[in-house]
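Peer 1: Encoded as structure tokens, here's the structure I'll be asking about.
The values are calculated or read from the model by the stated rules, or taken from the named source; none is laboratory data. Every value quoted in this text rests on a predicted model; they were computed, and no experiment measured them. All Cβ positions, glycine included, derive from the backbone under ideal geometry; neighbour counts span all protein chains shown. Accessible surface is based on the protein model in full, side chains and every heavy atom, while ligands, DNA and RNA are left aside. Shrake-Rupley method; radii C 1.70, N 1.55, O 1.52, S 1.80 Å.
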Number of protein chains: 6
Amino acid sequence: MGIHTYFQSLTDLERIIRCPGRFKFQEHSVSAHSWKVVQYAKTLADIEESNGVVVDWKKLYEITSSHDYGEIFIGDIKTPVKHYSLELRAMLQQVEEGMVAHFIDEHIPEEFQHIFRSQLREGKDDSVEGKILEVADKLDQIYEAFTELQLGNTDKEFILMYRNALIKIKGIQLHCVDYFLQHILPDIVIAGSKSSIDFEQITKDALAS
Amino acid sequence: MGIHTYFQSLTDLERIIRCPGRFKFQEHSVSAHSWKVVQYAKTLADIEESNGVVVDWKKLYEITSSHDYGEIFIGDIKTPVKHYSLELRAMLQQVEEGMVAHFIDEHIPEEFQHIFRSQLREGKDDSVEGKILEVADKLDQIYEAFTELQLGNTDKEFILMYRNALIKIKGIQLHCVDYFLQHILPDIVIAGSKSSIDFEQITKDALAS
Amino acid sequence: MGIHTYFQSLTDLERIIRCPGRFKFQEHSVSAHSWKVVQYAKTLADIEESNGVVVDWKKLYEITSSHDYGEIFIGDIKTPVKHYSLELRAMLQQVEEGMVAHFIDEHIPEEFQHIFRSQLREGKDDSVEGKILEVADKLDQIYEAFTELQLGNTDKEFILMYRNALIKIKGIQLHCVDYFLQHILPDIVIAGSKSSIDFEQITKDALAS
Amino acid sequence: MGIHTYFQSLTDLERIIRCPGRFKFQEHSVSAHSWKVVQYAKTLADIEESNGVVVDWKKLYEITSSHDYGEIFIGDIKTPVKHYSLELRAMLQQVEEGMVAHFIDEHIPEEFQHIFRSQLREGKDDSVEGKILEVADKLDQIYEAFTELQLGNTDKEFILMYRNALIKIKGIQLHCVDYFLQHILPDIVIAGSKSSIDFEQITKDALAS
Amino acid sequence: MGIHTYFQSLTDLERIIRCPGRFKFQEHSVSAHSWKVVQYAKTLADIEESNGVVVDWKKLYEITSSHDYGEIFIGDIKTPVKHYSLELRAMLQQVEEGMVAHFIDEHIPEEFQHIFRSQLREGKDDSVEGKILEVADKLDQIYEAFTELQLGNTDKEFILMYRNALIKIKGIQLHCVDYFLQHILPDIVIAGSKSSIDFEQITKDALAS
Amino acid sequence: MGIHTYFQSLTDLERIIRCPGRFKFQEHSVSAHSWKVVQYAKTLADIEESNGVVVDWKKLYEITSSHDYGEIFIGDIKTPVKHYSLELRAMLQQVEEGMVAHFIDEHIPEEFQHIFRSQLREGKDDSVEGKILEVADKLDQIYEAFTELQLGNTDKEFILMYRNALIKIKGIQLHCVDYFLQHILPDIVIAGSKSSIDFEQITKDALAS
């Protein structure tokens, strides 16, 4: 009962592994991923702020840290399934929101319910914060895929993951995205230069698409 | 390409863990679960046969061994999500069937496609074999939950799992179900007698519901 | 007691790891291996049937799913030990059969003992089903070794495993073996073409030996 | 080089396990812990805000998410060692700060160095945010210890951990601490009522000390 | 080639898990077990020496540290199999010795072969050192079983392991065994007093048998 | 209490992982490392003896097997931290010795305390045994790093580990070090010849420095 139940639920995300099924040298839990997204977003927002953009830090904090909280109820559903059709995607989002709402109604004391409803909402929207979250989320996908490929993982799925995340990122209008493309991405490509995977080519193709 | 791709895909089920998120002393992969279901079903079918029922062993073999094959594409989706609404359940089943069909079209040589479409179909129906599969599947849920509770897992979800699986099983009209209720279930309850969980009571309630 | 004890024993095979000692990027439990053998055998038998051979599906189901059941008692004994001498091999088989027989006598209700004795017997013989089991078992050895080598495992033991399994398979007279050699094996070699291991050469040598 | 090196370093915290050496049913990585601290702090700050206190959300975001970043260089040093003497504690803190400073100098582009120096500083101070971080950090220690004891862990160290964290928390002057003591802690004690550990007594003693 | 091959082989024992198949909260590798046996034996020999017995420390060092080296070739074979019959036990010992001898012949430089043959011999004999090794080996079996039972493991096999190891130890004529029975064993029983297992009774029965 | 507490503490070293944080294909516990050091040291001492040097085997046994015992209290502290400054290194050593001494005072019966104080002392000194321990400890660092690099680990830290260990070893005046450099090290380099890492060059540089 109460906020204790909410606090205790957090540990479930330590036991949900991202990208289940595919062979990975290094597994990542949803909680580890969430923490990295919080960290990436902090730096991306700093870069945005240094370009004169105003950042709502409270909103950023809330949407980045809780962005995968719903997976406690819904698990980590494979991307090809989540995006099979707009209809299914909408339905799964509805289920997740329904389960989160039900949890709040059942366990969160009344005086805090509005805060939780606000905080556990879907964070990816057209605001600066929402877009930074989208970039940070995709950035972790880039790093997860890059690391596997660099270590010698032969599963072509990781090339697709790297590529799709990059395409997603470059389409988002933010100063920190420009910074990423100009300064961070080249360093990733250099780091991958000794690998048998041609990161330079894959990156070029993705940026050109 | 070819059947090699199908053979190589099987190993993915070794890396999908059932019931993700909840704390478990013992994790179970979908491939281990599938093997146990094949084994349970074999014995249940033997009991059915010994009561004069005709069993189509080829059909049983096919539907038990492949019953979770689709999870290679769709992952292990939490039960409360799968069954959130009839609409979502139907949609997820559709997605799974679509992905399996797509895989067959793309990788299985034409001369074997009809065999694969037949074998990788949904196996739970009203035939003897389909019902035995349902019982075997639920039986593994009983054993998974029972073992966790016996080891001291405090998550009430396992009591629900045990209970719901039992209720499901008792509603299926088969001789082997009668045998299970009369001879196997009592032994499970005895085995759990030293636990702090009152298996006798939970079992009684489930059978009476 | 009873069939409950048999059902509960199955989970032990989830905790016995194949090929202990050697470094592996990916571990495989005996239960996962057993499930894959069931799957391979199903497809191999389909290919055999499509060539006009009659398959006893009940027998195939029984001998493939239970083919490593005895390891619950005897563990996964390293191949070089099992085959050290004909005398030791016979003795270990005797021990395994003795322990399985003892288990059946002690736990299986009398009316089902003959079924269990029949089902938990050694399945590899000269029948079509027995030979299919042999091929399926060796096929998993090929895939286990191939995957390790492809990921960069430097242990030469896996080259030996790959090679020996191939030599074993090609010596078995079955239509599905011909199919495997003509259609599946070439795809495996192609999949391994980017690896630093020369799969083409190793495969050629094995087939020529 | 560059921010890429910083982003890539984050994953190290997924591989540092808290409380090494002691037997635990459930291991926790420093990244999972960091994420939970971010989450706890968010809710604690909400409670504080609802009592009319002004919270610097940007500061809270920074100090909670990065509070264990230094462990990338220094690892998770056992508490009895860290606090062996004020002299050693100061020295280790100096080492950690030195290594973090060195990392920033070497890898972070000049234009962002001041931001990183500010963000990766020691966060626990007398500000509202610093105190909330301290409470959140100790709260995770309570939950980690409580869960182990509830599952049957016999290591008395976890009773000490639970107790010491509670004593630390109750000494911090915050509205959210009052809320925790009045509403959340009782729920933890209730949740632990079926355990063989007398949480009620241990909690009483800690609060009275 | 050479001693490098011997040095490199040692790591295999980190990947062989003792007691495979049975559910354990805590797994133990053969290398960890070997190290603990070296440690126990050191203390047991100190106690023996303090009673005026002369200990050949070089011999003790050699036979304790290498006592399970042969498992690199033979794996960890389940006790009920190893001891199924005197004939099989002798044969397995022969196989192990043969494989170790072959390894020495093939990889150890000639000038050191006699040292290795002496060091990798079977150490359990009637000498003081051989008996201390036997006690140390069984002592680890006691601790492994005791810990599992204390944590709530319901597998009766661990009660048997605890009991059999105790019976074996008490039958060995050494001063350190007397010390163990009088001073160490009572402390183990006290440590297990809060467990649901009646260690006092099991211990009494074993000592009386 | 008593020696039971000492015996029971040993298992903690099975749960402390060396080199935490860095990605490794193969993790090594401190107990496995300790066992390998015992084994290396045995062979190195044999080589030393064969060159006419007198070895105190009891001393060697004691200092090799217990050389990391203190990590039960202090954990595995990263080398860059341990060696940050002579002052910190001395302080950490003091803490470790203090904790070990405290443990002996509290748990070891009086009549054995002097033995334990002698045995759990720092073993690396200028004696033959102390130098052999130093070589054996660094040898395991060579093998740990070499294996990771051979498997494709891209973390340059392992090249540094390999190099530094080699530099340390070559500076120690022992016959077995000469033997290592002339006979064992070349075999390691040969074993690494197919790797993308230029072991020959790295080894040359280290030996020349």
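Peer 1: Please work out if F:F73 is more than 8 Å from chain E (Cβ to nearest Cβ), open to solvent by 10 Å² or more (accessible area, probe 1.4 Å) and over 30 Å from E:H183 (Cα atoms).
Peer 2: No: the conditions fail for F:F73.
Peer 1: Next question. If you go through segment D:151-162 one residue at a time, do you hit one that is of a type in the set (A, V, I, L, M, F, W, C), open to solvent by 80 Å² or more (accessible area, probe 1.4 Å) and within 14 Å of chain A (Cβ to nearest Cβ)?
Peer 2: No.
Peer 1: Between B:E27, B:E48, which is under 17 Å from the mean Cα position of the chain (by Cα), more than 7 Å from every other protein chain (Cβ to nearest Cβ) and either of a type in the set (D, E, K, R) or open to solvent by 10 Å² or more (accessible area, probe 1.4 Å) (or both)?
Peer 2: The unique qualifying residue is B:E27.
Peer 1: Taking D:K82, is it charged (D, E, K, R), under 16 Å from the mean Cα position of the chain (by Cα) and surrounded by 20 or more Cβ atoms within 10 Å (Cβ to Cβ)?
Peer 2: no
Peer 1: Pairs only if they're at least six apart or on different chains, beta carbon under 6 angstrom, first in segment D:175-203 and within 17 Å of A:I108 (Cβ to Cβ), second open to solvent by 80 Å² or more (accessible area, probe 1.4 Å) and at pLDDT below 95; list them, first residue then second.
Peer 2: Close Cβ pairs satisfying both conditions: D:D187/A:M1.
Peer 1: Examine segment A:133-146 for a residue that is away from chain D (no Cβ under 14 Å) and surrounded by 14 or more Cβ atoms within 10 Å (Cβ to Cβ), and state whether such a residue exists.
Peer 2: Yes, segment A:133-146 contains a residue that is away from chain D (no Cβ under 14 Å) and surrounded by 14 or more Cβ atoms within 10 Å (Cβ to Cβ).
Peer 1: Being surrounded by fewer than 20 Cβ atoms within 10 Å (Cβ to Cβ) and in contact (Cβ under 8 Å) with a residue 24 or more places away in the chain is the filter here; which residues of segment A:165-174 pass it?
Peer 2: A:I167, A:K168, A:K170, A:I172, A:Q173 - these are the residues of segment A:165-174 that are surrounded by fewer than 20 Cβ atoms within 10 Å (Cβ to Cβ) and in contact (Cβ under 8 Å) with a residue 24 or more places away in the chain.
Peer 1: From (1) part of a loop (DSSP other than H, G, I, E, B); (2) exposed (fewer than 15 other Cβ atoms within 10 Å of the Cβ); (3) of a type in the set (A, V, I, L, M); (4) without any contact (Cβ under 8 Å) to a residue 40 or more places away in the chain, pick out the condition that doesn't hold for E:A90.
Peer 2: Here E:A90 clears every test but (1).
Peer 1: Could you check, for segment C:1-24, whether at least one of its residues is at pLDDT below 90 and open to solvent by 30 Å² or more (accessible area, probe 1.4 Å)?
Peer 2: Yes, that holds for at least one residue.
Peer 1: On the basis of being of a type in the set (S, T, Y), in contact with a Phe, Trp or Tyr (Cβ under 7 Å, 6 or more places away or on another chain) and either open to solvent by 10 Å² or more (accessible area, probe 1.4 Å) or at the interface with chain A (Cβ under 7 Å from one of its Cβ atoms) (or both), does D:Y61 make the cut?
Peer 2: So D:Y61 fits the description; yes.
Peer 1: Being polar (S, T, N, Q) and open to solvent by less than 70 Å² (accessible area, probe 1.4 Å) is the filter here; which residues of segment D:183-208 pass it?
Peer 2: D:S195, D:T203
Yes/no matrix, rows are residues, columns are (1) among the polar types (S, T, N, Q); (2) touching a Lys or Arg at 6+ places or on another chain (Cβ under 7 Å); (3) modelled with pLDDT under 95:
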| site | (1), (2), (3) |
| --- | --- |
| F:S118 | yes, no, yes |
| F:R121 | no, no, yes |
| F:E129 | no, yes, no |
| F:A145 | no, no, no |
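Peer 1: To continue, here is another question. Do any residues in segment B:123-147 that are closer than 26 Å to B:F25 by Cα have Cβ atoms under 8 Å from those of residues that are surrounded by fewer than 22 Cβ atoms within 10 Å (Cβ to Cβ) and basic (K, R), where the two are at least six apart or on different chains, and which pairs are they?
Peer 2: Matching pairs, first to second residue: B:E134/B:K124; B:E134/B:K168; B:D137/B:K124; B:K138/B:K168; B:E144/B:R18.
Peer 1: For segment E:114-132, what are the residues that are open to solvent by 30 Å² or more (accessible area, probe 1.4 Å), in a helix (DSSP H, G or I) and over 22 Å from E:H102 (Cβ atoms)?
Peer 2: Answer for segment E:114-132, where residues must be open to solvent by 30 Å² or more (accessible area, probe 1.4 Å), in a helix (DSSP H, G or I) and over 22 Å from E:H102 (Cβ atoms): E:V128, E:K131.
Peer 1: Within segment D:1-24, count every residue that is within 9 Å of chain A (Cβ to nearest Cβ), touching a residue at least 24 places away in the same chain (Cβ under 8 Å) and aromatic (F, W, Y).
Peer 2: Number satisfying all stated conditions: 1.
Peer 1: Now, a different point. Given (1) at pLDDT 90 or above; (2) surrounded by fewer than 21 Cβ atoms within 10 Å (Cβ to Cβ); (3) more than 30 Å from F:I108 (Cα to Cα), where does E:V100 come up short, assuming only one miss?
Peer 2: (2)
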